[in-house]
Amino acid sequence: MTKFTDLNLDPKVLKAVTDAGYETPTPIQAGAIPPALQGRDVLGIAQTGTGKTASFVLPMITLLGRGRARARMPRSLVLAPTRELAAQVAENFDQYTKYMKLTKALLIGGVSFKEQEQLIDRGVDVLIATPGRLLDHFERGKLLLTGVQIMVVDEADRMLDMGFIPDIERIFSLTPFTRQTLFFSATMAPEIERITNTFLSAPEKVEVARQATASERIEQHVVMFKGSRRDRAASEKRALLRALIDAEGDKLRNGIIFCNRKTDVDIVAKSLAKYGYDAAPIHGDLDQSKRNATLEDFREGRLKILVASDVAARGLDVPSVTHVFNFDVPSHAEDYVHRIGRTGRAGRDGKAIMICEPRDEKNFVDVERLIDKEIPRLENPLGTAPSDAPAAEEESAEKPKRSRTRKRKTDRPEAEAEAPAPRAEAKDEPKAAPKSSESRSRSGGRGRRDDDGKVVGLGDHLPSFIALSFAERMTG
Ligand code: AMP
């Protein structure tokens, strides 16, 4: 097995790695560090949680240790799709360069231009940036990219999702042709393939734990949920989430709850907090200082539950998350892998529990297809959701604490966003019907048989042939 000492890293880097408590390089590190140190281009196909950040930061700083920063001309550039991920890379950089004298500037939204410009003026070894912000600095004329010797593109597939590819192409063209490129992506979409063919030169391709297999260490479950009534579904779903959290007991040391919509991130966080859970939200609409403070609390163990949107959660480095809850099935199956990758990181076990509503069924099928396995179904810990009682209790438990106007304000967007159009729901129902016979009868639906075998929902005038079973019709 490869050891860090076999990798030819600068002794100061090695010391910092030892301090970080890493014993052996992860596969992406063992595969990417040697060619990167030889000055070769690297195409790393690895997702978050595999140790990929260190796989480019460690060789990069080893190489940079051999030269000097020059005013306004950074020697290396790391591009990341989100502020959080960029900040995360910057943190890793600080951690691994603690015994070296390398400087960095972080160019992301929410950090002042002026301060960063002063740093660039003095000369930095590493620029860590989101593409848009980097180009903003460039347009202001204060930055030259002609001194970039090493360029890293991190999470290229996410850049593609976020529409950053034209910016990346432009940035590539602003850097010297002779630069070394370290390029990372979790998947190789055709557009990513095109970029790598254009801008990388004979790269060493290092592929680790494909998406489909990366999640094997994580215990995964899904609860099929259908509200008793549409106007109660949202609060029943939050009750279900609380029950799922409670069921984990002490095993849940810290967790992230993912929601598809920002409005839900807020609603779920508020609702949990109201019920006495230690939870706070993080999403793109919160200002940067608030996001940083919440993240810091979570990382330091002062906050137990983080409620997050996908974008805000990119690049969160929280090594010891025990649980991930998917409040919704993500609409892009790949996000499921990213989300659950927050737990079970770097050799640790984790647990991921997802709630799937009938309207999520199509996305759910996509998720199972992507990971190529069936996610074990978990019984709803609240039991079935029969018509009235529990829902009514839950409603009244939530209602009195809000004024009428506040309730409107918070519930409306959710209701609008969540409640499917009646026709769409009717259309989705057959395929949305959960698999067990118990839940099938529970889900009801128009024109289907109830438990007595009668056809319900067609009014008084039931054509007699419909009441016959298929076999009866064939023979009779
Ligand atoms: P990343 O994939 O870069 O987001 O890294 C995932 C997590 O693994 C981070 O928390 C790193 O601190 C941690 N990590 C990176 N390399 C190693 C290693 N060789 N051994 C143990 N943990 C590591």
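In order along the stretch 100-113, phi translates into HN-Hα couplings of 10, 10, 10, 10, 9, 10, 10, 10, 9, x, x, 10, 5, 4 Hz, rounded to whole numbers, per the Karplus curve 6.51 cos²θ - 1.76 cosθ + 1.60 with θ = phi - 60° and x for Gly and Pro.
A simple charge model with +1 on the Cβ of Lys and Arg, -1 on the Cβ of Asp and Glu and nothing else charged puts the dipole of the stretch 78-179 at about 380 debye relative to its Cα centre. Using C-alpha pairs below 8 Å separated by at least 6 residues, the relative contact order for the stretch 4-207 is 29 percent. Assuming a ≥ b ≥ c are the square roots of the Cα gyration tensor eigenvalues, decide whether the stretch 225-265 counts as rounded (a/c under 1.5), prolate (otherwise, with a/b larger than b/c) or oblate. It comes out oblate by the Cα gyration axes.
Here's how it looks for Leu303: its modeled amide H is under 5 Å from those of Phe298, which are all 5 or more places away or on a different chain. Neighbour counts of other Cβ atoms within 10 Å put Glu139, Glu169 in the fewest-to-most order Glu139, Glu169.
Amide H contacts for Val206 (H built 1.01 Å from N in the peptide plane; partners 5 or more residues away or on another chain; cut-off under 5 Å): Leu43, Gly44, Ile45.
Values quoted throughout were computed directly from the atomic coordinates according to the rules given, and no laboratory measurement underlies them. Everything numeric here is computed off the predicted structure, so don't read it as measured data. With ideal geometry, Cβ positions are generated from the backbone for all residues, glycine too; neighbour counts draw on all protein chains shown.
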